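Q: Have a look at this one.
The values are calculated or read from the model by the stated rules, or taken from the named source; none is laboratory data. Everything numeric in this text was worked out from a predicted model, so none of it was measured. So basically every Cβ, Gly included, is an ideal-geometry build from the backbone, and we count neighbours across all protein chains shown. Accessible surface is based on the protein model in full, side chains and every heavy atom, while ligands, DNA and RNA are left aside. Shrake-Rupley method; radii C 1.70, N 1.55, O 1.52, S 1.80 Å.
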Amino acid sequence: MFMSIGLFNRRRTLGAASALVLAMGLLVSLLGVVGASAQPESEAQPTAQDIEQRDQLIANQENLLNTYRCLFNVDVDAVPGRCPNPDAVSPGVAPETPSHQDLSVRDQLIANQEALLNVYRCRFDIDTQLVPQGCANQPDPQPTTQPPASGFTAITAGGWHSCGIRADNTAECWGDNDYGRADSPPGQFTAITAGAAHSCGIRADNAAQCWGANYSGQADAPPGQFTAITAGAAHSCGIRADNAAQCWGSNSSGQADAPPGQFTAITAGSWHSCGIRADNTAQCWGNNSSGQADAPPGQFTAITAGLAHSCGIRADNTAQCWGNNSSGRADAPPGQFTAITAGGQHSCGIRADNTAQCWGNNSFERADAPPGQFTAITAGLAHSCGIRADNTAQCWGNNDYGQADAPPGQFTAITAGGQHSCGIRADNTAQCWGNNSSGQADAPPGQFTAITAGGQHSCGIRADNTAQCWGNNSSGQADAPPGQFTAITAGLAHSCGIRADNTAQCWGNNDYGQADAPPGQFTAIAAGGWHSCGIRADNTAQCWGNNDYGQADAPPGQFTAIAAGAAHSCGIRADNTAQCWGYNGFGQADAPPGQFTAITAGEAHSCGIRADNTAQCWGDNSSGQADAPPGQFTAITAGEAHSCGIRADNTAQCWNWTTNLPAGVSWVT
């Protein structure tokens, strides 16, 4: 990190909004200057001006990085000072006689910091027009159709997760599960709210309970009874039984300093909070860098706080917003509304005719509210959700790569790869979905008897028992050899299969010997990250390739099934118990006790089907990939950060972060 060079000073002078404007202007202009002067046209001695230009650019980059960090509550530990008004970074004094090394160190630092800026821009969908090659390809997600179940009575969208209250008053959350934000506790709830990385609810006894991130105390709900609750970026607020407001968690901008008096409604934004008083006037407190805490005079019936703007419904049912208006998020449309919600860079409301309307930033189609009638609506950081008139939930907006958007219809086989999935339909045709950057989701026509998805390629066995692969072929992993096969498997950059004579053959990347299949006969085979495993004719397991974490040290004894992940392996023993070995940094090798009929290993998690046909996963659950849904399954597969299975009715279901949707929820474009 550049602070170790010791060339920069910190001073607290800029708020988040002004720092963003200043840094953006200087950053764009100076990138051109440095880019031009960095051409190796000569070996002239660098000047002090060359250094000063680079130092100024580096300072501007760091100020912009800190602005993003504070705006989106990410990597805040790296911010000098405190969010949302960090210490500004300014250049120090340039050396009088700079060297070429002084220049090259700064040029490398500029490139590194610009790369990190682009990561933030793409991750949080801000200033994406400045990313030279554009953000990573994110094809439009296909709609999912989940079987309807019990409906919802309340819904809320957070940073990268959503929560709702079911008709039986139980809480259910889905999406990103970092910090356990989507692990809703059992029991009945009357209200629920999703923040940036935590969630809160009011129980049937009117007690408040929060779960998820608690680094600022935002999940430490105080004792006592509440009638309303709301979760912000790193703080929470509620209305007590006596109508007094109380907030807890981060108070860096005064957002947790609830004013005295009585309130009828309350809302928590990123760094500010708002409420409606007993006389129906609005009051906001906390960060006001964009005017988001300057509540207009007059009476309100509803209020909502977003990232840096606020909205409310007036006594005449018209909508009004104030604060940051980039992308038009504060330009409330005319007409009457019955509900309103403010998200990251967009807003949504329900009109008098019960249709939904959104405005503001529309990347990921977050503001493209679907037609039809709604009874509730909520806007998150980059997605929106609503409850339809039939009490089913529907969400739209950011949906990652769509790799967990299992298409409707019946399947007989399923497989999950890096960021794509494939299956065999009831008519024996192959279908793939998700990331298609290398053509890995372009399943060829014709009939297949087996299919497998790897890092960026896929393979299958045709009806005539020949093997065919498609997608990335940088290491020859898609060059399936001629001849007949009875089994096939795709790893990160290599593939393996079992021939008609039961011998194993592998092709593709062989950096660690993972494609050097040992001689002899095999009944099963699995290709992982940089290693491979198989079951021999005598039912013993054998692995080969990279063994940095012991993933190729197959334990002795007999096995009936085997799976290879990124750096771990799993198998089912003759007594139907599961055993895993290799890297266990996320608990992916801690196979639970009990009997299993199927097993699969992903990048850092594992899944299996139990003797009662229910699915169970373990290991990394940062994207919800280990949250196996209830019900019975006949097949299961684990990918990089998602999992899929085939249900007893032969329909496919997948689960991972924003696409880990519970029954009754559909995700549409």
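Q: On a full-extension model of 0.36 nm per residue, what is the gain between ALA48 and ASN391, subtracting their alpha-carbon distance, rounded to one decimal in nm? Could you put the intermediate results ahead of the total?
A: Numbers: separation 343, 0.36 × 343 = 123.48 nm, distance 6.67 nm.
Extra length from ALA48 to ASN391 when fully extended: 116.8 nm.
Q: Around ASP183, under 14 Å between beta carbons, what's the net of Lys plus Arg minus Asp minus Glu among the other residues?
A: Details: positive: ARG181; negative: GLU172, ASP176, ASP178, ASP627.
That sum, taken over residues with Cβ under 14 Å, equals -3.
Q: Could you work out the local net charge near LEU109, counting Lys and Arg as +1, Asp and Glu as -1, over the other residues with Cβ closer than 12 Å to its Cβ?
A: The answer is -3.
Q: Roughly speaking, what is the centre-to-centre gap between region 220-245 and region 531-562 when only Cα atoms are used, to the nearest Å?
A: So the two Cα centres are separated by 54 Å.
Q: How big is the charge dipole of region 260-362 about its Cα centre, in debye rounded to the nearest 20, if each Lys and Arg gets +1 on its Cβ and each Asp and Glu gets -1 on its Cβ?
A: Charge dipole of region 260-362: 100 debye, to the nearest 20.
Q: While we're here: Pick out, from ASN428, GLY557, GLY360, the residue whose Cα sits farthest towards the positive end of the charge dipole of the chain, with +1 on the Cβ of Lys and Arg and -1 on the Cβ of Asp and Glu.
A: Of the candidates, GLY360 comes out farthest on the positive side.
Q: Tally Lys/Arg at +1 and Asp/Glu at -1 over every other residue whose Cβ is under 13 Å from the Cβ of ALA265; what's the total?
A: Values: positive: ARG277; negative: ASP279.
Charge balance in the 13 Å sphere: 0.
Q: Once you have a ≥ b ≥ c as the square roots of the Cα gyration tensor eigenvalues for the chain, tell me rounded if a/c is under 1.5, and otherwise prolate or oblate according to whether a/b is larger than b/c.
A: oblate
Q: Magnitude of the Cβ-charge dipole of the chain, K/R +1 and D/E -1, about the Cα centre, nearest 20 debye?
A: Working: 26 positive and 53 negative charges, 242 e Å.
It comes to approximately 1160 debye.
Q: Any chance you could check the Cα centroid distance between region 192-217 and region 611-644 for me, in angstrom?
A: Spelled out, the Cα-based centre of one part sits 26 Å from the other.
Q: At a temperature of 10 °C and a viscosity of 1.306 mPa s, determine how fast region 263-313 diffuses translationally according to Stokes-Einstein, using the Kirkwood radius over alpha-carbon pairs as Rh; express D in µm²/s, rounded to the nearest whole number.
A: Answer from the Stokes-Einstein relation: 153 µm²/s.
Q: Under a 1.4 Å probe, what is the accessible area of the chain per residue, stated in Å²? Let's see the in-between values first.
A: On the way: 25120 Å² over 669 residues.
Normalised by residue count, the accessible surface of the chain is 38 Å².
Q: Here is a follow-up. How would TYR215, TYR68, TYR179 rank on accessible area, largest to smallest, probe 1.4 Å?
A: TYR179, TYR215, TYR68
Q: OK, next. Sort 535-542, 186-193 for me by packing, meaning the mean count of neighbouring Cβ atoms within 10 Å per residue, highest on top.
A: Ranking the peptides 535-542, 186-193 by packing returns 186-193, 535-542.
Q: Given the peptides 426-432, 274-280, arrange them by the average over their residues of other C-beta atoms within 10 Å, most packed first. Please list the in-between numbers first.
A: Details: 426-432: 15.9, 274-280: 19.0.
Highest mean packing first, the order is 274-280, 426-432.
Q: Rank by packing, highest mean first: peptides 245-255, 364-374, with packing defined as the count of other Cβ atoms within 10 Å averaged across residues. Don't skip to the answer; put the middle values down first.
A: Details: 245-255: 22.2, 364-374: 18.5.
My ranking of the peptides, most packed first, is 245-255, 364-374.
Q: Next up: Please report the carbon-and-sulfur percent of the accessible area for the chain; probe 1.4 Å, protein heavy atoms only, DNA, RNA and ligands left out. Walk me through the numbers on the way to the answer.
A: Details: 12110 of 25120 Å².
The value for the chain is 48 percent carbon and sulfur by accessible area.
Q: Over the alpha-carbon set of region 297-439, work out the extent along each principal axis and list the three values in angstrom, largest first.
A: 64, 32, 17
Q: What number, rounded to the nearest 500 deg cm²/dmol, is the helix-based mean residue ellipticity at 222 nm of the chain, given -39500 (n - 2.57) per DSSP H run of at least four residues and division by all its residues?
A: Dividing the helical sum by the residues of the chain leaves -4000 deg cm²/dmol.
Q: Once a ≥ b ≥ c are taken as the square roots of the eigenvalues of the Cα gyration tensor of region 173-276, is the result rounded (a/c under 1.5), prolate (a/b larger than b/c) or oblate (a/b not larger than b/c)?
A: Note, shape of region 173-276 comes out oblate.
Q: What is the extension gain from THR355 to CYS122, computed as 0.36 nm multiplied by their sequence separation minus the C-alpha to C-alpha distance, in nm to one decimal? Kindly include the intermediate steps, with their values, before the conclusion.
A: On the way: separation 233, 0.36 × 233 = 83.88 nm, distance 3.09 nm.
Stretched fully, the THR355-CYS122 segment lengthens by 80.8 nm.
Q: Got a sec? What order do LEU116, LEU71 fall in by accessible area at 1.4 Å, biggest, i.e. largest, first?
A: Largest accessible area first, the residues go LEU116, LEU71.
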